[in-house]
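Single-structure report; data block below.
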Amino acid sequence: MLLSIVSSGIGIGALYGLVALGYFLFFQATTAINFAIGAIVMFAGMALAVVSKDMGQAWMIAMLIAVALAILLAWISEAAILRPILARSSDEFGAVVAIVALMFVIEQLAGVIFGRRPIQGKQLFDAIYFVGDGIIESRFVWNLAISLIVFAVVVAWLRYGRYGRMLRAAGDNEAAARVLGLPIRRIKFAAVFATGAVCAVAGVLYASQAPLNFHSHLAFAIAGFIAFVIGGTGSAWAPLVGGILLGLIEALTIWFLGGGARDYMLLLLVLVVFSVRPEGIFTVRVRT
Amino acid sequence: MFQIRNKTILAAAVSALTSLIGIGAAYAAGAPKGDPVVIGVIEDRSGSATFYSQESVKAIKLFAESINKGEVAYMGGTAGSDAGIQGRPIELIFEDDENNANLTVVKSRRLIERGADILFFLSGSGATMQGRVVCAEQKILCIAPTNVSSRLVSPPNNEYIFTMAPISEISGSAYIDAWKKLGFKRIAVISDSSPTSRVVRDAYKKTWEAAGFETVADEMMEIGSTDANSQVMRVRGQNPDVVFDSFASAAESAAMYKSLQRFGVKAQRWAQNNLTATPKIWELAGNAVDGTLVVDPIGPGNPNTDAVKAIYEKTHGKDTFVWLHAVVWDGLMLVKTAAKSAKSLEGTALRDAVEKITAFPSAFGQKGNTLNFARGVHNGTSEKGLVIVQFKNQKPSVLWDVYQPTK
Amino acid sequence: MNTTQTHQQRLARALRTESLLGLLGTLAFVIFVGGQVYRQDLGILVIVYALLALGMYLPLALGGRLSLAYNAYFAIGAYSVAITGQQGGALLWLAPILGVGLSMLTAAILAIVTRKLSGFHLAVATMLFGIVVHTWLIHSGNWAGGPEGIGGIPRLFLFGWELGRTELIAVGALLVWVIATAIVHYRTSFFGVALRAQRETVPAAQACGVPIVSLRIISLALGAGIASIAGMLLALMNQFILPESFGIKVVFLVLFMPILGGMFTPWGSVLGALIVVFFTLGFDFFEGPGVLTFGILALIILLVFPQGVLGGLAALRQRFKKPGVAKGGSLT
């Protein structure tokens, strides 16, 4: 019994982790929180579902389109919106409002383009595994596996990839990186590209398991952000840890306290974590 | 300059010609003439009830057109076989209230300002609850064909509003009679976190608890979550006789059915009529929905239903005909009938005319079902307006062979 | 010595002008709305949104604290009227005390709990609080109406005089003027300056003995109180409230208003409310994709005209002023 709940929590948490990774990568490049990432995930997922199901295109093509759209949206949010506003003043209010506006625009665009109805892509993972008297849905296993792969790729890129390493350097201190002559624009684009790609993967996974609504993005954005904060910015694996932790807490709360307790639990978690340890679990250790 | 003037003259000539041809054609076909009867429609185009609202809007647009063409199917005797309302063409105007009660009031008044003679509410119950205040204030006839809340037709502010879909109390007693027949005692209910779903759950739960049934599980799924496993497992642990679906949101509903199937929950599945109003759920849930029983306003075996269904499918063949469409037809026909006897479009006259309508043949319910209104009885249905259908091959296609509502 | 005098005189005169212009605008608004039922519906929405925007503006523009929990305070005000209004309205006079008091207390507690947060962290924490309150209202039991809300709210009687729709619009508009003017004066008062100082540099302000945390909490509480008044007016006007009206979407909408109108004066929030209601309700053109067009518009304003409408007007005015006039004495 408990095994089913735990697997459910890990499976959903893995997706939260992917969204959190999106926040993480974007944060590395801009030190800003892109709340519209939830909307980008939703948009990519809907694009995949509509292109592959309603328009009957090959799944691979739909996937590529979804990735392209996600990268485009991520790029717009950075280059066209956040960069000019943050350059003007360091006051975060303008950035917050701009991101909220962008979130709305993406949501309404999704509603207009894809329709205001629940959309579901082809169900990729239908198998169920029976373990004891519990059930593990295969989709949770796949979510975890695919997330691990994505994270591994990103971690490798950050550690060994050319732009990945430059991103880590620039992310720590943009002014210093500029002085050193690093190509800031291209680094930011690389980060945005990675953010978009990760969001697209998350969107595709969501679309393949559950119906998406043009209202769905807020839930993704909040969950991803909380996972990001819990994990911290100290390591590229942190978002995954944060995500899985959040997923587990959520699943266990619903199991023991019922579906209505989830919102209250989230609020409590946020207040506790944000006040007690806002840097998250993994922090950046500076060698002195 | 020269070119533009030419274009303007050309355009004017073309429009004049088209109008002449149109008028000629209208005269030839015996079309409704004179000032249009303006029906103002409150719809939800961008809020949480968009899905249902737009289904109802499809129906009202199509059926208004049909009536304007004189296609009244079996209603010729009651409503008159002339085209339009009082021989005048029906014109529909729309306002979007986003299923937000504060906006409903503004938009209703806006419709009246734009010339509406009658109002139709095709948005959520909550919004209509607020909107009906305008009906009472402005003394204008209002129809809310798809809302099932009994509060809508109870005082205060209920003097000018009418509904026709069976109210939750009537549906509730149909469920209870069916369950009593099967000797069930333990009910598990699952709902989603939306206000609509909570209202439905509250209403039905109160009804069955008052009749002596025990609620052994009361689970809720958050809107936006994709997984109902925990809730379903808790339900399974209680060993209920019945699992009752009181969801209002399609996506979460489908996830719940799939979970029920995966965990092999043995209880008999019952759902309220949101399930049959939303074919999207059948598509999303796949065969997990088979076997579910619903107390639904429409089912096989009623020739009136089939007639309206035929009209609907002529234009919207690919879409499934659901009870929302049937009650919208009845709403329009009710107005046509009332207007015939009232001979005026003045709100109070129309209202009084509706209150005198009895034995009105409905497009929904069991064969021979009629609507009966009176002062203080603004929802004209009885249990004969309900049918118990069962899902087979992902469609609510069969009448349940064990029991049908009889009162 | 002379310059200081002139500066203070100029400041005082500017404040009086702003207040007077505001009053004229308010009167024009009330007269325009008049007795027309449809305009009154729009009018009360403008007033409600203006109050919510002012409530958000106070702690934000002065203290730099962005709280997104305003739908909760909005709801507290409305529900206090609805609940005390049951049973014939004998207890209705309790509503302002209850509504304002409870929302201020809630805001203060929330402010204390989140005092270490800032930026997006603060935004998300307060947003979650707002969401929780909204959820709770939907699932509340009978005493708060539950998902079906509370109806049959009676009209308020002030000294035997019934506050009908027209009177509520007039009272509401007057309240907007009073509060906006108060904020204008507050901004240049000792507390306002102290609050703004801590927004710029916390260490310097602390060194001057400014009690930063208390000021922030007080400004957040005041903002919440203003927002609750909006709720009370809405409940009295419509005589019916539903929990769906107090979701987080309201907050997002109100968020745009100070930016649209101009952040450097509270009147910007009021103008922003007017613009938003006009755009989303007054114009047929924006139906359906209305929110989309509105979102795009908001982005354009943020990127191209960050000073908002009033800011743009002020900049225009500067351009037409004679050169040589000292630019000191600006109100920002």
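Leaving ligands, DNA and RNA out of it, work out the accessible area of B:His316 with a 1.4 Å probe and give it in Å² to the nearest 10.
In the full protein context, B:His316 sits at about 40 Å².
Note down the magnitude of the dipole of region A:142-244 about its Cα centre, charges +1 on Lys and Arg C-beta and -1 on Asp and Glu C-beta and zero elsewhere, to the nearest 20 debye. Please list the in-between numbers first.
Working: 8 positive and 2 negative charges, 89 e Å.
Charge dipole of region A:142-244: 420 debye, to the nearest 20.
Return a whole-number percent for the relative contact order of region A:2-276, with Cα pairs under 8 Å and 6 or more residues apart as the contact set.
Details: 459 pairs, mean separation 110.3, N = 275.
40 percent.
Based on Cβ point charges of +1 for Lys and Arg and -1 for Asp and Glu, what charge dipole magnitude is obtained for the protein assembly as shown about its Cα centre, in debye rounded to the nearest 20? Could you put the intermediate results ahead of the total?
Working: 82 positive and 63 negative charges, 542 e Å.
That gives the protein assembly as shown a dipole magnitude of about 2600 debye.
Any idea what the dipole of chain B comes to, in debye rounded to 20, about its Cα centre with Lys/Arg Cβ at +1 and Asp/Glu Cβ at -1?
Numbers: 44 positive and 41 negative charges, 90 e Å.
With Lys and Arg at +1 and Asp and Glu at -1, about 440 debye.
If the viscosity is 1.306 mPa s and the temperature 10 °C, what translational diffusion coefficient in µm²/s does Stokes-Einstein give for region B:354-399 when Rh comes from Kirkwood over Cα pairs? Show your work: numbers first, answer last.
Working: Rh = 11.9 Å.
In µm²/s, the coefficient rounds to 134.
With loop defined by DSSP as not H, G, I, E or B, and exposure as at most 14 other Cβ atoms within 10 Å, which is the longest segment of chain C clear of exposed chymotrypsin sites (Phe, Trp or Tyr not before Pro)? Before the final figure, lay out the partial values.
Values: sites that count: C:Trp93, C:Phe159, C:Phe283.
Of all site-free stretches, the longest is C:160-282.
What translational D, rounded to a whole number of µm²/s, comes out for region A:1-133 from Stokes-Einstein when the hydrodynamic radius is the Kirkwood one over Cα pairs, at 25 °C and 0.890 mPa s?
Values: Rh = 16.8 Å.
Taking Rh from Cα pairs, D becomes 146 µm²/s.
Looking at region A:33-126, which trypsin sites (Lys or Arg not before Pro) are DSSP coil and have at most 13 other C-beta atoms within 10 Å of their C-beta? All intermediate terms of the calculation are to be shown ahead of the outcome.
Working: sites: A:Lys53, A:Arg88, A:Arg116, A:Lys122; in loops: A:Arg116, A:Lys122.
In loop regions of region A:33-126 (DSSP not H, G, I, E or B), the sparsely surrounded trypsin sites (Lys or Arg not before Pro) are A:Lys122.
Only loop residues by DSSP count here, and only those with at most 16 other Cβ atoms within 10 Å; note down the trypsin sites (Lys or Arg not before Pro) in region B:35-113 that meet that.
On the way: sites: B:Arg45, B:Lys58, B:Lys61, B:Lys69, B:Lys107, B:Arg109, B:Arg110; in loops: B:Arg45, B:Lys69.
Filter output for region B:35-113: B:Lys69.
If you count the DSSP beta bridges with both ends in region B:160-274, what percent of them are antiparallel, to the nearest 5?
On the way: 0 of 15 bridges.
Roughly 0 percent of the DSSP beta bridges within region B:160-274 come out antiparallel.
Quantify how much of the Cα-Cα distance distribution of chain A extends past 34 Å, in percent. Walk me through the numbers before you get to the answer.
On the way: 7332 of 41328 pairs.
In whole percent, the share of Cα-Cα pairs in chain A beyond 34 Å is 18.
Need one number: % antiparallel among DSSP beta bridges in the protein assembly as shown, to the nearest 5.
Taking every DSSP beta bridge with both residues in the protein assembly as shown, the antiparallel ones total about 35 percent.
Run the helix sum for the protein assembly as shown: -39,500 (n - 2.57) per DSSP H stretch of 4+ residues, divided by residue count, reported at 222 nm to the nearest 500 deg cm²/dmol. Spell out each step's value before the answer.
Values: 39 runs with 617 residues, N = 1027.
The helix-only estimate for the protein assembly as shown comes to -20000 deg cm²/dmol at 222 nm.
Report, to one decimal in Å, the Kirkwood hydrodynamic radius for region C:143-289 based on all distinct Cα pairs.
Values: mean 1/r = 0.0553 Å⁻¹.
Hydrodynamic radius (Kirkwood, Cα only) of region C:143-289 equals 18.1 Å.
Normalised by the residues of region C:17-248, what does the relative contact order come to in percent, with Cα pairs under 8 Å and at least six apart? Present the calculation step by step, with values, prior to reporting the outcome.
Working: 340 pairs, mean separation 97.8, N = 232.
Computed over region C:17-248, the figure is 42 percent.
So what's the Cα pair-distance distribution over chain B, bin width 10 Å, in %?
Each 10 Å bin holds this share of Cα pairs: 5, 22, 31, 23, 12, 5, 2, 1, 0.
Determine the shape class of region C:132-211: with a ≥ b ≥ c the square roots of the Cα gyration tensor eigenvalues, call it rounded for a/c under 1.5, and otherwise prolate if a/b is greater than b/c, oblate otherwise.
The shape class here is oblate.
Would you mind checking the tilt of helix B:168-182 against the longest principal axis of the Cα atoms of chain B, expressed as 0 to 90 degrees and rounded to 10?
Helix B:168-182 and the main axis of chain B meet at about 40 degrees.
Please compute the modelled spin-label separation between A:Val272 and C:Trp136, points set 7 Å along Cα→Cβ, answer in nm with one decimal.
1.8
From the gyration tensor of the Cα coordinates in region A:128-269, what semi-axes in whole Å does the equivalent ellipsoid have, largest first, with each one equal to sqrt(5λ)?
Values: eigenvalues 226, 62, 42 Å².
They are 34, 18, 14 Å, listed largest first.
Sequence gap at least 6, Cα distance under 8 Å: using those rules, report the relative contact order of chain B to the nearest whole percent. Before the final figure, lay out each step's value.
Working: 820 pairs, mean separation 63.5, N = 407.
Once normalised by length, the contact order is 16 percent.
For region B:235-376, what ratio Rg/Rh do Cα atoms give with a Kirkwood hydrodynamic radius? Mind dumping the intermediate values first?
Values: Rg = 19.2 Å, Rh = 17.5 Å.
Ratio of gyration radius to Kirkwood radius: 1.10.
For every other residue with a beta carbon closer than 13 angstrom to the beta carbon of B:Ile187, add +1 if it is Lys or Arg and -1 if Asp or Glu, then tell me the sum.
Once all neighbours under 13 Å are counted, the net charge is +1.
Can you pull the Kirkwood radius for region C:17-248, inverse mean 1/r over Cα pairs, to one decimal in Å? The partial results should precede the final answer.
Numbers: mean 1/r = 0.0545 Å⁻¹.
About 18.3 Å for region C:17-248.
For the B and A pair, go ahead and give the buried accessible area with a 1.4 Å probe, both sides summed, in Å² to 100.
Values: alone 17260 and 14010 Å², together 28730 Å².
Roughly 2500 Å² of accessible surface disappears when B and A pair.
Once Rh is set to the Kirkwood radius over Cα pairs, what Stokes-Einstein translational diffusion coefficient, in µm²/s, holds for region B:292-386 at a temperature of 25 °C and a viscosity of 0.890 mPa s? Please report the intermediate quantities before stating the final value.
Details: Rh = 14.1 Å.
The diffusion coefficient I find is 174 µm²/s.
Using the alpha carbon gyration tensor of region B:331-407, what are the three equivalent-ellipsoid semi-axes (square root of 5 times each eigenvalue), largest first, in whole Å? Write out the running numbers ahead of the final one.
Numbers: eigenvalues 207, 33, 14 Å².
Computed over region B:331-407, the values are 32, 13, 8 Å.
What's the carbon and sulfur percent of the protein assembly as shown's accessible surface, probe 1.4 angstrom, rounded to a whole number?
On the way: 25710 of 40200 Å².
For the protein assembly as shown, the apolar C and S fraction of the accessible surface comes to 64 percent.
Compute, for C:Val113, the solvent-accessible surface of its heavy atoms (probe 1.4 Å) with the complete set of protein chains present, and express it in square angstrom to the nearest 10.
Counting only protein heavy atoms, C:Val113 exposes about 60 Å² to solvent.
What does the charge add up to near A:Asp126, with Lys and Arg as +1, Asp and Glu as -1, over the other residues with Cβ less than 13 Å from its Cβ?
Working: positive: A:Lys122, A:Arg139, B:Lys258, B:Arg262; negative: A:Glu137.
Overall, the nearby charge balance is +3.
Label region B:109-179 by shape, choosing from rounded, prolate and oblate, from the square roots a ≥ b ≥ c of the eigenvalues of the Cα gyration tensor; if a/c is under 1.5 it is rounded, and otherwise prolate applies when a/b is larger than b/c, oblate when it is not.
Working: a/c = 3.12, a/b = 2.48, b/c = 1.26.
It is prolate, given that a/c is not under 1.5 and a/b is the larger ratio.
Sort C:Cys208, A:Cys199 from largest to smallest accessible area, using a 1.4 Å probe on the heavy atoms of the protein chains. Display every interim value, and only then the final one.
Numbers: C:Cys208 110, A:Cys199 0 Å².
Greatest to least solvent exposure: C:Cys208, A:Cys199.
What residue among A:Trp75, A:Gly115, A:Gly94 has its Cα farthest toward the positive end of the dipole of region A:60-130, where the charges are +1 on Lys, Arg and -1 on Asp, Glu, each on the Cβ?
After comparing all options, I get A:Gly115.
Projected onto the charge dipole of region A:2-276 (+1 at Lys/Arg Cβ, -1 at Asp/Glu Cβ, origin at the Cα centre), which of A:Thr31, A:Pro239, A:Met46 gives the Cα projection farthest towards the positive end?
A:Thr31
Counting every Cα pair in the protein assembly as shown, what percent are over 56 Å apart?
On the way: 85288 of 526851 pairs.
Considering the protein assembly as shown, 16 percent of its Cα-Cα pairs are separated by more than 56 Å.
Given C:Leu281, C:Leu163, C:Gln318, which one lies farthest toward the positive end of the charge dipole of chain C, if we put +1 on the Cβ of every Lys and Arg and -1 on the Cβ of every Asp and Glu?
Sorting the options by dipole projection puts first C:Gln318.
Could you report region B:269-364's accessible area per residue, 1.4 Å probe, as an integer in Å²?
Result: 30 Å² of accessible area for each residue.
Out of all DSSP beta bridges with both ends in chain B, state the antiparallel percent to the nearest 5.
Working: 11 of 45 bridges.
So the antiparallel bridges in chain B amount to around 25 percent.
The values are calculated or read from the model by the stated rules, or taken from the named source; none is laboratory data. Keep in mind that what you see is a predicted model, and the values were worked out from it rather than measured. Glycine gets a Cβ as well: all are built from the backbone with ideal geometry, and neighbour counts include every protein chain shown. Please note that ligands, DNA and RNA were not included when accessible areas were found on the heavy atoms of the full protein model with its side chains. Shrake-Rupley method; radii C 1.70, N 1.55, O 1.52, S 1.80 Å.
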